[in-house]
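Peer 1: Pasting in a structure now, in structure tokens, and then I'll have a few things to ask.
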């Protein structure tokens, strides 16, 4: 039985509590928050879980094996560092840290102490994303051309990070999961339309080896909510629309065939291919339920995919580079 401590019972913390608490091999031992009304929420809904407003008390407990850190991003580093130094595994919400240097320091501490860092890249555990990953792994899509994602809505404007740091970690982590390749450089552009210097609209391009490209559009100032991703390969293409109540993933037998009939580039022939479209059955299990199950399995020595601190570091590196590029009007930043 793995003992869990949860730090931060705001928006996402209760979901973490609920999923760890129902897993047969884990138990939420204690929750911590500085707000008494949030601790009262835990006492009312989970009478067996202890509460505290002092994080130091949780770090000293022998019955806590893993601490889930569900606090603002600017606090992730210090709380995760204290947990690791106290000998606890950690689950950190996205993005992992505010800088790549912080993420690297946490990874070094974890390695020295033989501890594990998990990052809550929840979307990689959804049925839709896992299905697309299966299509990529089985080569049903062929060699990949691109990943093109749109994540826009009206609000919620953040006060400490721009729209990329808020929304793009979802898409970056999914893209990294699909490509399983190290990116080479980043170009980003954006604009801040309110007087706080934080971009509310941004376009991010990530360049990979072999002419593979990822593109992410994030926007807090859209009249409609769009959650759509295109993935194209040499054999087939996929449209993933997360707003669809059903048929979230559509697979198209469409593409092009290039016929090189001569050395002259003008004689290249493009033949278009258009076949069937079908919607595969998608596992509807809550993503966080799958994530928690895999984290518990991983801690028990079972080899299964989890989003690790290394994945979190890569996401932060891309966000960091994107920030530099935006401030330099789209300058290419090498990774």
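Just so it is clear, none of the values below were taken in a lab; they were calculated from the coordinates. Computed from a prediction, not measured in an experiment: that's the story for all the values here. Counting neighbours? That spans all protein chains shown, and the Cβs are built from the backbone with ideal geometry, glycine included.
Peer 1: Work out how much length residue 114 to residue 289 would gain on full extension: take 0.36 nm times their residue separation and subtract the Cα-Cα distance, in nm to one decimal.
Peer 2: 60.4 nm
Peer 1: Right, another one. State, to one decimal in nm, how far the label point of residue 34 lies from the label point of residue 182, with both points 7 Å from Cα in the Cβ direction.
Peer 2: 3.9
Peer 1: Figure the gain on full extension for residue 56 and residue 272 (residue separation times 0.36 nm, minus the Cα-Cα span) and round it to one decimal in nm.
Peer 2: Working it through step by step, the gained length comes to 71.5 nm.
Peer 1: Quick check: the angle from helix 309-327's long axis to the longest principal axis of the chain, C-alpha only, nearest 10 degrees?
Peer 2: Value to nearest ten degrees: 60.
Peer 1: What does the convex hull of the Cα atoms come to per residue for the stretch 63-144, in Å³?
Peer 2: Once divided by residue count, the hull of the stretch 63-144 is 138 Å³.
Peer 1: Related question: Please report 32, 279 as a ranked list, fewest other C-beta atoms within 10 angstrom at the top and most at the bottom.
Peer 2: Least to most surrounded, the residues fall as 279, 32.
Peer 1: If I histogram all Cα-Cα distances within the stretch 168-218 using bins 5 Å wide from 0, what percent of pairs lands in each bin?
Peer 2: The calculated distribution, bin by bin, is 5, 19, 27, 21, 13, 9, 5, 2, 0.
Peer 1: Stretch residue 310-residue 281 to full length: gain in nm at 0.36 nm per residue minus the Cα-Cα span?
Peer 2: This chain segment gains 7.3 nm when fully extended.
Peer 1: In deg cm²/dmol and to the nearest 500, what is the mean residue ellipticity at 222 nm of the chain if only DSSP H runs of at least 4 residues count, each as -39500 (n - 2.57), divided by the residue total?
Peer 2: Rounded to the nearest 500, the figure is -10500 deg cm²/dmol.
Peer 1: Expressed in nm², what is the orientationally averaged projection area of the convex hull enclosing the Cα positions of the stretch 103-220?
Peer 2: The number I arrive at for the stretch 103-220 is 9.2 nm².
Peer 1: Taking 1 over the mean of 1/r across every pair of different Cα atoms in the stretch 2-120, what Kirkwood radius in Å do you get?
Peer 2: Averaging 1/r across every pair of different Cα atoms and inverting gives 14.1 Å.
Peer 1: Can I ask one more? Taking the Cβ of each residue in 199, 82 as the centre, tally the other Cβ atoms inside 10 Å and list the residues starting with the fewest.
Peer 2: In order of increasing Cβ crowding within 10 Å: 82, 199.
Peer 1: Okay, next question. Give me 89, 193 ranked fewest to most by other Cβ atoms within 10 Å of their Cβ, as a rough exposure proxy.
Peer 2: Listing 89, 193 from fewest to most nearby Cβ atoms yields 193, 89.
Peer 1: To continue, here is another question. Residue 133 label point, 7 Å along Cα→Cβ, cut-off 19 Å on backbone N: hits in the stretch 271-289?
Peer 2: Once the point is set 7 Å along Cα→Cβ of residue 133, 280-289 turn out to lie under 19 Å by backbone N, inside the stretch 271-289.
Peer 1: Report the equivalent ellipsoid semi-axes for the stretch 277-335 in whole Å, largest first, defined as the square roots of five times the eigenvalues of the gyration tensor built from alpha carbon atoms.
Peer 2: In descending order the semi-axes read 33, 20, 9 Å.
Peer 1: Here's another thing I want to ask about it. Based on the Cβ-Cβ distance of residue 157 and residue 225, what FRET efficiency does E = 1/(1 + (r/R0)^6) give at R0 = 22 Å, to the nearest 0.05?
Peer 2: Computed FRET efficiency for residue 157 and residue 225 comes out at 0.90.
Peer 1: Testing the spin-label approximation: label points 7 Å from Cα along Cα→Cβ at residue 332 and residue 105. State their distance in nm.
Peer 2: 3.3
Peer 1: Output the 0 to 90 degree angle, nearest 10, between the alpha-carbon long axis of helix 36-45 and the longest principal axis computed from the alpha carbons of the chain.
Peer 2: 90
Peer 1: Between residue 18 and residue 243, what is the label-to-label distance in nm when each label sits 7 Å out along the Cα-to-Cβ direction?
Peer 2: 2.4
Peer 1: Now a separate question. Using a Förster distance of 45 Å, how high is the FRET efficiency between residue 235 and residue 1, based on the Cβ-Cβ distance and rounded to 0.05?
Peer 2: Efficiency, rounded to the nearest 0.05: 0.45.
Peer 1: Can you give the angle from 0 to 90° between the axis of helix 13-22 and the longest principal axis of the chain, with both taken from C-alpha atoms, to the nearest 10?
Peer 2: Roughly 80 degrees between the two axes.
Peer 1: Report the dimensions of the stretch 78-121 along its three principal axes from the alpha-carbon atoms, largest first, rounded to Å.
Peer 2: 22, 19, 15
Peer 1: Quick one: work out the % antiparallel among DSSP beta bridges in the chain, nearest 5.
Peer 2: 60
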